[in-house]
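Written below as structure tokens is the structure these notes are about.
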There are 2 protein chains.
Amino acid sequence: MSLAQPATWQGVRAEVQRRIRTHQWAPGDPIPNEADLAVEFGCARATVNRALRDLAQAGVLERKRKAGTRVAVNPAGRAVLRIPLIRDEIAEAGLAYGYRLLGSRTACPPDPVRDRLDLAPGTQALHLTALHSGDGAPFVAEDRWINTATVPDASRADFTVQSANEWLVRAMPFAEGRIEISVVAAGSEMAAIFGCDPGAGLLRVERQTWRDGRQITVVALTYRPGHRLVSQL
Amino acid sequence: MSLAQPATWQGVRAEVQRRIRTHQWAPGDPIPNEADLAVEFGCARATVNRALRDLAQAGVLERKRKAGTRVAVNPAGRAVLRIPLIRDEIAEAGLAYGYRLLGSRTACPPDPVRDRLDLAPGTQALHLTALHSGDGAPFVAEDRWINTATVPDASRADFTVQSANEWLVRAMPFAEGRIEISVVAAGSEMAAIFGCDPGAGLLRVERQTWRDGRQITVVALTYRPGHRLVSQL
DNA sequence: CCGAATTTGTCCGTATGTATA
DNA sequence: TTATACATACGGACAAATTCG
């Protein structure tokens, strides 16, 4: 019964996956422990560990100390959405990138934004609006608030030449974030920018980023009509 | 200057990340090889390897044999979008799940679908339409095509009691996939289902899944107005 | 075009730590 | 409390890939 081949961790992973696919090990079932599998496969326990750890990270297995390893009940998929710089996103679409700063001022953000920037009432923040274009045509509109308490340098940066998008990834790398994708009806402003009917549905991506628990920025990106986000499972 | 602390791979990872954050190691720069770092940190090379591999998978580092390890030029973020069962998605919203099959028939799919199912012209496929509801109100409409050549059992399954969504994850686990997110204007049908104006923008998620290069299914999910997809960076 | 050197990738066997049933 | 199973560490070794002379 033993193929006895997989001396590599990828081989072990493939064999384990095969047993799950064929329901030899059914969802919810416990599988043998690392030591036993190492004996069966004729490899070191560390090799089995590497394979099982990989499958656990992929969501195929669930592991707990002492409880052992079991096949995940729902092969809960996760899709990975790439978040490139807007410049790269437009370049990947085969278009020439263009950028224009529309507005820059410090002001008191509206309550929902103030909450997400973790600011005290009455505190001001930096508000930027900008337009990113592809081959000269509007591609995505940016509406951003920056917490100047967390990123004081932002007050002195010149966002007419470099977009806040690019400035921030250099100034504050390794930020954590949260993304919300929704549909918004075009107001008169967006309708004018994108040349669509007011009320038309536009794809909106809102990102909130922070680092070490300190809020950095909140940005809403409104894409031109017909834009699609693509993700690999 | 050596903190000499990190005896664990997480410690090594933290220290490396700190050096990148502080631009001690700048984007594009090569960093010392594993052996040297192991000496500096006073740990085994395997421990350094574990840390650097983790950072590489996170997109922070780029590694190539012989060429060495360098700091990634663009901290290209990736967001992870959870893809739960629709049942779970609705349950997580705190709503009671409901399901109703609207239509089930075999037919020749339209060309775009036929392409993505990798079917020869004139070949038939299984076409399902269904409605998933939360607390009795329509939540998401499903329009699915199943390649019966790849999944012959689908012809005999009863999708009035179990949604194709749930049936497929059990029948064909570990499928690969591709997801596209876009906005679609509500037609008269969707407007009637969701009680919105015709032409209103609705969030649409299209998934294509396959396994071992064989196309399984193509599904378009149209969500009720106001729905938001949330993702962690 | 072809070796040689370098660097990462992975394996082994063992040992210890740690969460938990 | 104790035994179990996973998590991770070490050092040594070889393989594989790629750069470079």
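Rule-based calculations on the coordinates, nothing more; no lab input. Fair warning: this is a prediction, and the values are worked out from it, not measured in the lab. Heads up, the Cβs are rebuilt from the backbone with ideal geometry, glycines too, and the neighbour counts pull from every protein chain shown.
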Taking the axis that carries chain A onto chain B, what is the nearest Cβ in chain A, and at how many Å, to the whole number? A:Gly201, 1
Residue separation times 0.36 nm, minus the C-alpha to C-alpha distance between B:Ser104 and B:Arg63: what's the value? 9.8 nm
Alpha carbon centroid spacing (whole Å) that separates the range B:109-187 from the range B:72-104: 15 Å
Whole-Hz couplings from phi, Karplus 6.51/-1.76/1.60, listed for the range A:96-111; x for Gly and Pro: 7, 7, x, 9, 9, 7, 8, x, 8, 7, 9, 7, 7, x, x, 3
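Which of rounded, prolate, oblate describes chain B, given a ≥ b ≥ c as roots of the alpha-carbon gyration tensor eigenvalues and a/c under 1.5 marking rounded, otherwise prolate only if a/b is larger than b/c?
prolate
Tell me, what is the percent relative contact order of the range A:84-148, built from C-alpha pairs under 8 Å that lie six or more residues apart?
Here the relative contact order equals 35 percent.
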What's the angle, to the nearest 10 degrees (0 to 90), between helix A:9-21's Cα axis and the longest principal axis of chain A? 90 degrees
Angle check, please: helix B:45-57 long axis (alpha carbons) against the longest principal axis of chain B (alpha carbons), in degrees 0 to 90, nearest 10. 40 degrees
Once Lys and Arg get +1 and Asp and Glu get -1 on their Cβ, which of B:Thr150, B:Val161, B:Gly177 lies farthest toward the positive end of the dipole of the range B:129-189? B:Thr150
Residue with peak Gaussian network fluctuation, chain A [Cα springs, cutoff 10 Å], from A:Gly201, A:Gly122, A:Gly98: A:Gly122
What's the average, rounded to a whole number, of partner chain beta-carbon atoms within 10 Å of each residue's beta-carbon in A:176-188? 5
Give the shape of the range B:112-162 as rounded, prolate or oblate, defined through the alpha-carbon gyration tensor: a ≥ b ≥ c are the square roots of its eigenvalues, a/c under 1.5 means rounded, and otherwise the shape is prolate if a/b is larger than b/c and oblate if not. oblate
Divide by every residue of the protein assembly as shown the summed helix terms, -39500 (n - 2.57) for each DSSP H run of at least 4, and state the resulting mean residue ellipticity at 222 nm, rounded to the nearest 500 deg cm²/dmol. -7500 deg cm²/dmol
Going by a ≥ b ≥ c, the root eigenvalues of the Cα gyration tensor, does the protein assembly as shown fall in the rounded group (a/c under 1.5), the prolate group (a/b larger than b/c) or the oblate group? oblate
As a test of the definition: which semi-axes, in Å, follow for the range A:128-233 when you take the square root of five times each eigenvalue of its alpha carbon gyration tensor? Largest first, please. 26, 17, 12
Measuring label to label, 7 Å along Cα→Cβ, what does A:Gly98 give against each other copy in nm, shortest first? 5.0
How large is the Rg to Rh ratio of the range B:66-194 when both quantities use alpha carbon positions and Rh follows Kirkwood? 1.07
B:Leu102 long-range amide H proximity, modeled H, under 5 Å: B:Thr129, B:Ala130, B:Leu131
Please turn the phi angles of the range B:159-172 into ³J(HN,Hα) values with the Karplus equation 6.51 cos²θ - 1.76 cosθ + 1.60 (θ = phi - 60°), one per residue in order, whole Hz, x for glycine and proline. 8, 7, 9, 10, 5, 4, 3, 6, 4, 5, 5, 7, 6, 10
Nearest-first distances (nm) between copies at B:Arg21, label 7 Å from Cα via Cβ: 4.2
